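Worksheet: the structure to be examined is printed underneath.
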Amino acid sequence: TLFPYTTLFRSRLYDAPMARMQQLLQTLGMALAQTNHEPPDHLAVQLAALAQALRQECWATVQALLVEMDWVAPFCRAMARLDGEGYYGVMAEVLSAVLGRVSIGYGTGQEER
């Protein structure tokens, strides 16, 4: 089983990644709803923050989120291996491609051109 959390994927429960994500969410003016039971290092929360940072054109925050999400590429490879051509395996390949594209366009300083 693969868990879509930085801390669980890296076998470090509730340490620095959660605090860093909480800070990044605050930087973007975002907060988890009281009814949300996922911690800030959940993949969906990280993707929502990345989308918001891109919308706000907060390039430094985009770069920080891409660094924070460095665990996603190995997670996607593992998911693709486990699920193959199943839904999650295919979505993992799509996610990996999308994040790679975002990283090329926004994580390397190209946004300053």
Between residues in the stretch 23-41 that are within 15 Å of LEU54 (Cα to Cα) and touching a residue at least 24 places away in the same chain (Cβ under 8 Å) and residues that are open to solvent by less than 20 Å² (accessible area, probe 1.4 Å) and β-branched (Val, Ile, Thr), which pairs lie under 6 Å by C-beta distance while being six or more apart or on different chains? THR27/THR61
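Out of the residues in the stretch 18-38 that are in contact with a Leu (Cβ under 8 Å, 6 or more places away or on another chain) and within 17 Å of THR6 (Cβ to Cβ), which is modelled with the lowest pLDDT?
As a first pass, look at the stretch 18-38 and keep what is in contact with a Leu (Cβ under 8 Å, 6 or more places away or on another chain): 24-25, 31-32, 38.
Narrowing the set further to residues that are within 17 Å of THR6 (Cβ to Cβ) leaves 24-25, 32, 38.
Values: LEU24: 96, LEU25: 96, LEU32: 91, GLU38: 84.
So, considering only residues that are in contact with a Leu (Cβ under 8 Å, 6 or more places away or on another chain) and within 17 Å of THR6 (Cβ to Cβ), the one modelled with the lowest pLDDT is GLU38.
The values are calculated or read from the model by the stated rules, or taken from the named source; none is laboratory data. None of these values were measured; they are calculated from a predicted model. As a convention, Cβ positions derive from the backbone with ideal geometry for all residues, glycine included, and neighbour counts pool all protein chains shown. Side chains are part of the model used for accessible areas, which takes the heavy atoms of the whole protein and leaves out ligands, DNA and RNA. Shrake-Rupley method; radii C 1.70, N 1.55, O 1.52, S 1.80 Å.
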